[in-house]
Amino acid sequence: MDLKKWKNNPKIQDAREKMENGKIRGIFRLIFEIAVTLAFAALVAIAMFQSVTMQESSMEPTLSVGDRFFINRVIYRVSSPQRGDIIVFRTNASDEAALHIRRVIGLPGETVQIVDGRIMINGETYKEGRDFPTISNAGLAASPITLEAGEYFVLGDNRNNSEDSRYGDIGIVKKKYISGKLWFTCYPVKKIGFLES
């Protein structure tokens with residue numbers, strides 16, 4: 001059979017057009033699937049994560065002013081904060097209330113007190129895994145503070161320059177006001193990565 005006649009054969013041309021149309025449809029389908037996947041990923045990210053910037057020196061040297069983080073907003077819907085978690089919270093239900101970042105020390109049902117610079121939990125000295133400065137001002141925790149259900153006692157890592165559960169402006173943190181757990185450092189570049197409590 002002549003090659004020219006074979007190429008011009010209506011059946012061959014029809015098959016070629018169908019194949020090209022199929023390729024174009026495949027490309028459009030792929031683009032559509034990628035767009036849907038990206039849109040879904042963006043919605044999940046918005047629902048699960050939120051970004052926050054460290055605005056206070058209360059967590060130095062662990063966290064620095066200007067550091068930016070993603071918050072895991074889902075974790076405390078399925079579990080409860082644990083001792084040592086770095087949480088993000090508001091002091092009340094208002095969306096206008098400032099976000100604060102502190103470390104969880106006391107859990108619901110526990111009694112917290114600060115005696116001679118030491119943190120006492122249920123009458124026993126709490127030994128932290130890090131070398132934080134001795135607390136010079138016990139504030140409200142000079143007397144025992146018993147936490148009710150859904151209440152947490154928090155401290156800043158910068159123990160002598162932190163407004164936290166020792167002071168009335170912050171006080172005991174209620175679970176319903178906790179936005180989430182600090183999860184991932186996104187700025188500065190040299191600190192990018194998952195956060196260790």
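General remarks:
- Residues in region 153-183 that are within 16 Å of Y76 (Cα to Cα) and surrounded by fewer than 21 Cβ atoms within 10 Å (Cβ to Cβ) were compared, and the one that is modelled with the lowest pLDDT is W183.
- Residue within region 188-196 that is of a type outside the set (F, W, Y), surrounded by 15 or more Cβ atoms within 10 Å (Cβ to Cβ) and not in a strand (DSSP E or B) present: yes
- Every test in (1) closer than 19 Å to Q55 by Cα; (2) outside any loop (DSSP other than H, G, I, E, B); (3) not hydrophobic (A, V, I, L, M, F, W, C) is passed by N158 save one, and that test is (2).
- Residue selected from region 90-106 under the condition touching a Leu at 6+ places or on another chain (Cβ under 7 Å) and assigned to a strand (DSSP E or B), by the criterion surrounded by the fewest Cβ atoms within 10 Å (Cβ to Cβ): I105
- Checked against the criterion of being small (G, A, S), closer than 14 Å to L107 by Cα and either surrounded by 11 or more Cβ atoms within 10 Å (Cβ to Cβ) or at pLDDT below 95 (or both), the candidates G139, G150 yield just one match: G150.
- If you go through region 113-124 and keep only what is in a strand (DSSP E or B) and open to solvent by 60 Å² or more (accessible area, probe 1.4 Å), you end up with R118, E124.
- Selected residue [under 17 Å from E60 (Cβ atoms) and open to solvent by less than 60 Å² (accessible area, probe 1.4 Å)] from E128, E110: E128
- Restricting region 40-73 to residues that are part of a strand (DSSP E or B) and either open to solvent by less than 60 Å² (accessible area, probe 1.4 Å) or at pLDDT below 65 (or both) leaves a set whose member that is farthest from R166 (Cα to Cα) is F49.
The values are calculated or read from the model by the stated rules, or taken from the named source; none is laboratory data. Note that the structure is a prediction, hence the values are computed from the model and not measured. So basically every Cβ, Gly included, is an ideal-geometry build from the backbone, and we count neighbours across all protein chains shown. These area figures cover heavy atoms from the full protein model, side chains too; ligands, DNA and RNA do not enter into them. Shrake-Rupley method; radii C 1.70, N 1.55, O 1.52, S 1.80 Å.
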